[in-house]
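One structure below.
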Amino acid sequence: MFIHYLTTKNSRLRCESVTHEVDDFRIKIQLNPQTTHQSIIGFGGAFTEAAAYTLSQVNPNLRETVLKSYFDPTDGLNYTIGRVHINSCDFSLGNYTYVQDNDESLDSFTIERETLLVIPMIRDAMKYTKEPLSLLASPWSPPAWMKSNQEMNHGGKLLPKYYEVWARYYVKFIQAFEQQGLQIDYLTVQNEPAAVQTWDSCIYTAEEERDFVKDYLGPIVHEAYPNVKILIWDHNRDILVGRGDTCLKDEEARKHIWGTGVHWYVSEEFENLGILHSLHPDKHLLFTEGCIEGGVHLNDWSTGERYARNMIGDFRNYCEGYLDWNLTLNEFGGPNHVGNFCDAPIITDTIEQQLHFNSSFYYIKHFSKFVLPGSKRIDSFSEDASLQHVAFIRPDLSIVVIVLNQTENDESVQLDFQIEQKKIFIPKRSI
């Protein structure tokens, strides 16, 4: 059985099943299900305080619609992973930590603030998932008193005398979530460790990150939680290879490193993921954050195309999963405590009490709804570079082929499955 789902700029069929086939074709995409590559972990987004607060400002029905739209495996995007921030991030209502100043014992540690908005949102999302939701945790900044600049914002470094305390802080966080019935499966060392931001941020050189993982974070976390998967970098593709290789070629550090986290800002050098994979094929690659910057972009079709283009490029280079940034934001693209407003696939208008589904939501759906956890990427090849494509074989042995047309030309394509061919019509600006 062959089913063709299509979303277009003009008709916006939004993944409705269509049967439009053609007699001839201009482009051939050859598929080889016999050659498999990386397994796919899944898809998801971030449970930020901003997202949770935004949903607290609208009526319960709208809140439920957002959660169902993302996490329901049948009617939604089938998200299976969520990202959470350790301490505050820019998409929090302000700077905060979980301990009192200078408490090196961490006896004052409490995540009470997260129990007000973020954790209830996670629990309600899990009502829709068939399987337990995997969680990835990332810190944006240690407490100010642990840092060289004595503030959470504007970069600064973690002072070496607090390396051990900060590593124990991660364990405290994992324990606190566990006590709430939530399991942290993945942990990144630091969100964007090469960026001095006006918001919560902390800088590590590659060598500092390597040594922190090797001597402190890895041993301390894995003594308490041996199954937690630690990711390095958690930043852009442009210098991914150098940063990743510095950590992974160290024999002691790599024992504690599951893989490398990637963001999409600055660069679309997808091949860098493939290069790092070739250097360390036993380690993993996970896309941990991406969003459309500069506030809300309602009715902008290019935002969805950016998502699809990046997902195809990364998956073709051994990425194993995709985590979007904020699950939802308000009508301004916030709240954000330093005014760094951005877009989200679903915008929740707290003034008009309505939802706006952006093109990114529908483009993501072509991946997350069909490429189930456990799917493996298979070879797909075309001599024509005008369309982007990627293909997978699912655990049930059905095949998913995703084709993106960013051009202003309608195209006819033959999908060649070796023993079977299908000709399909792919309109301009469609997926």
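The values are calculated or read from the model by the stated rules, or taken from the named source; none is laboratory data. On a predicted model such as this, the values are computed, not experimentally measured, just so you know. Neighbour counts run over all protein chains shown; Cβ positions are idealised from the backbone, glycine included.
The set of residues in segment 73-100 that are buried (at least 18 other Cβ atoms within 10 Å of the Cβ) and within 25 Å of residue 366 (Cα to Cα) comprises 76, 77, 78, 79, 80, 81, 82, 83, 84. What is the number of the single condition among (1) aliphatic (A, V, I, L, M); (2) in contact with a Gly (Cβ under 7 Å, 6 or more places away or on another chain); (3) not in a strand (DSSP E or B) that residue 286 does not meet? The failed condition is (3).
Any chance segment 164-172 includes a residue that's basic (Lys, Arg), closer than 30 Å to residue 69 by Cβ and buried (at least 16 other Cβ atoms within 10 Å of the Cβ)? Checked segment 164-172: no residue is basic (Lys, Arg), closer than 30 Å to residue 69 by Cβ and buried (at least 16 other Cβ atoms within 10 Å of the Cβ).
So that you can scan it fast, the table gives a plain yes or no per residue for (1) modelled with pLDDT of 95 or more; (2) outside the structural domain of residue 118 (by TED's automatic domain parsing); (3) among the aliphatic types (A, V, I, L, M); (4) in a loop (DSSP other than H, G, I, E, B):
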| site | (1), (2), (3), (4) |
| --- | --- |
| 51 | yes, no, yes, no |
| 61 | yes, no, no, no |
| 66 | yes, no, yes, no |
| 79 | yes, no, no, yes |
| 90 | yes, no, no, yes |
| 93 | yes, no, yes, yes |
| 98 | yes, no, no, yes |
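The set of residues in segment 287-318 that are within 12 Å of the chain's Cα centre (by Cα) and not acidic (Asp, Glu) comprises 287, 288, 290, 291, 307, 310, 311. Looking only at residues of segment 106-128 that are β-branched (Val, Ile, Thr) and under 20 Å from the mean Cα position of the chain (by Cα), we find that the one that is nearest to residue 91 (Cα to Cα) is 118. For residue 194, the conditions (1) closer than 16 Å to residue 260 by Cα; (2) in a loop (DSSP other than H, G, I, E, B); (3) in contact with a Pro (Cβ under 9 Å, 6 or more places away or on another chain); (4) not β-branched (Val, Ile, Thr) are fulfilled apart from (3).
Close Cβ contacts (under 7 Å, 6 or more residues apart or on different chains) running from residues in segment 72-94 that are more than 14 Å from residue 47 (Cβ to Cβ) to residues that are outside any loop (DSSP other than H, G, I, E, B) and among the hydrophobic types (A, V, I, L, M, F, W, C) comprise 77/43; 77/364.
Given segment 348-423, what strands (runs of 3 or more DSSP E) lie entirely inside it while holding 1 or more residues that are under 29 Å from residue 50 (Cα atoms)? Per the criteria, 354-357. Of the residues making up segment 397-431, those that are under 22 Å from residue 36 (Cβ atoms) and without any contact (Cβ under 8 Å) to a residue 24 or more places away in the chain number 5. The listed residues are 386, 412, 398, and the only one of them that is within 27 Å of residue 77 (Cα to Cα) and polar (S, T, N, Q) turns out to be 398. Does segment 347-359 include one or more residues that are closer than 19 Å to residue 5 by Cβ, in the same structural domain as residue 65 (by TED's automatic domain parsing), surrounded by fewer than 23 Cβ atoms within 10 Å (Cβ to Cβ) and not hydroxyl-bearing (Ser, Thr, Tyr)? Yes - at least one qualifying residue is present in segment 347-359. Screening the candidates 125, 176 for the property of being among the aliphatic types (A, V, I, L, M), farther than 20 Å from residue 326 by Cα and modelled with pLDDT of 95 or more yields one hit, 176.
Candidates in segment 248-281 are the residues that are in contact with a strand residue (DSSP E or B) (Cβ under 8 Å, 6 or more places away or on another chain) and assigned to a helix (DSSP H, G or I); of these, the one that is surrounded by the most Cβ atoms within 10 Å (Cβ to Cβ) is 276. Name every residue in segment 139-170 that is within 28 Å of the chain's Cα centre (by Cα) and either of a type in the set (Ser, Thr, Tyr) or not assigned by TED's automatic domain parsing to the domain that holds residue 195 (or both), in order of residue number. Within segment 139-170, 141, 163, 169, 170 qualify. Of the residues examined, residue 130 is not one that is crowded, with 18+ Cβ neighbours inside 10 Å, charged (D, E, K, R), in contact (Cβ under 8 Å) with a residue 24 or more places away in the chain and farther than 17 Å from residue 86 by Cα. Filtering 188, 205 for residues that are more than 29 Å from residue 43 (Cβ to Cβ) and either in contact with a Pro (Cβ under 9 Å, 6 or more places away or on another chain) or among the polar types (S, T, N, Q) (or both) leaves a single hit, 205. The residue that is surrounded by the most Cβ atoms within 10 Å (Cβ to Cβ), among those in segment 319-336 that are of a type in the set (Phe, Trp, Tyr) and within 11 Å of the chain's Cα centre (by Cα), is 322.
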